[in-house]
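Peer 1: Pasting in a structure now, in structure tokens, and then I'll have a few things to ask.
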Amino acid sequence: MRKCLLLPLALLSAPLMAAELKIDVEIPRLQVAEYHRPYVALWLEQPDKRHVANLAVWYDLKLKDNEGEKWLKDMREWWRRSGRSLEMPADGVSGATRAVGTHSLVFDDGQAPLKDLPAGEYRLVVEAAREVGGRELLRLPFSWPPQEAEKQQAQGESELGSVTLELTQ
């Protein structure tokens, strides 16, 4: 009788493992005459480019009269897929522009947008646009939920540095 009780108790005390998606985005140091921090959008899409969920949109939140919002459309792909129908600032998505360096975001399957994400093939999309600068877009494919730990990396050429997607189960 005692052994029957111990196994369920041991299972209850074991830590529950959650699937996790970690993203590192590098904003490179550029040697240009007039530098402005880039606007960056991160989102999930299906292989046919259908928008699934916004993860983050970094833009100038502090400009008077929401002036920073008018430049969001410079991230053309994101703007066409979801930005123009999104009311900004979007809770849990909007954030200030980031300085030069590597910035990390972590999402787990217990929170939106991964909580309700059906199993399937997806792509992480990262788009950056900079005033008096260029525009760049990177895509990293992945399967959700992850069957094993996986790491993907893409290297930008101008507005983005290294973008790393790490999946754990």
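Every number in this text was worked out from the coordinates using simple rules, so none of it is lab data. As the structure is a computational prediction, the values presented were derived from the model and not from experiment. Every residue, glycine as well, gets a Cβ built from its backbone with ideal geometry; the counts of neighbours run over all protein chains shown.
Peer 1: Based on Cβ point charges of +1 for Lys and Arg and -1 for Asp and Glu, what charge dipole magnitude is obtained for the chain about its Cα centre, in debye rounded to the nearest 20?
Peer 2: 220 debye
Peer 1: Tell me, what is the FRET efficiency for V32 and S162 to the nearest 0.05, using R0 = 35 angstrom and their Cβ-Cβ distance as r?
Peer 2: Computed FRET efficiency for V32 and S162: 0.95.
Peer 1: Here is a further query. Enumerate lysine pairs in the chain that are 8 or more residues apart or on different chains, then count those whose Cα atoms are under 20 Å apart.
Peer 2: Step by step, the pairs that qualify in the chain add up to 6.
Peer 1: Cut-off 10 angstrom, C-alpha nodes, Gaussian network model of the chain. Which of A19, A33, A154 fluctuates the most?
Peer 2: A33
Peer 1: For E131, what residues show an amide H to amide H distance below 5 Å, using hydrogens built from the backbone and excluding near sequence neighbours?
Peer 2: Amide H neighbours of E131, under 5 Å, 5+ apart: Y39.
Peer 1: Let me ask something additional. Calculate one ³J(HN,Hα) per residue across the stretch 111-124 by plugging θ = phi - 60° into the Karplus curve 6.51 cos²θ - 1.76 cosθ + 1.60, and present them in order as whole Hz with x for glycine and proline.
Peer 2: My calculation for the stretch 111-124 gives 10, 5, x, 6, 3, 10, 6, x, 4, x, 9, 9, 9, 7 Hz in order.
Peer 1: Follow-up question, since we're still on this one. Enumerate the calculated ³J(HN,Hα) couplings along the stretch 131-144 in order (Karplus 6.51 cos²θ - 1.76 cosθ + 1.60, θ = phi - 60°), each rounded to whole Hz, writing x wherever the residue is Gly or Pro.
Peer 2: 3J(HN,Hα) across the stretch 131-144, in whole Hz: 4, 6, x, x, 9, 8, 9, 10, 10, 10, x, 7, 10, 10.
Peer 1: 7 Å from Cα along Cα→Cβ at both T102 and Q147: what's the point-to-point distance in nm?
Peer 2: 2.9 nm
Peer 1: Here is a further query. What ³J(HN,Hα) values, in whole Hz, does the Karplus curve 6.51 cos²θ - 1.76 cosθ + 1.60 give for the stretch 125-130 when θ = phi - 60°, with x put for Gly and Pro?
Peer 2: In residue order, the calculated couplings are 10, 10, 10, 10, 9, 10 Hz.
Peer 1: So, R0 is 25 Å and r is the distance between the beta-carbons of D24 and D65; what FRET efficiency does that work out to, to 0.05?
Peer 2: 0.15
Peer 1: Report, to the nearest 10°, how far helix 2-13 tilts away from the longest principal axis of the Cα atoms in the chain, using its own Cα long axis and a range of 0 to 90°.
Peer 2: The angle comes out at about 0 degrees.
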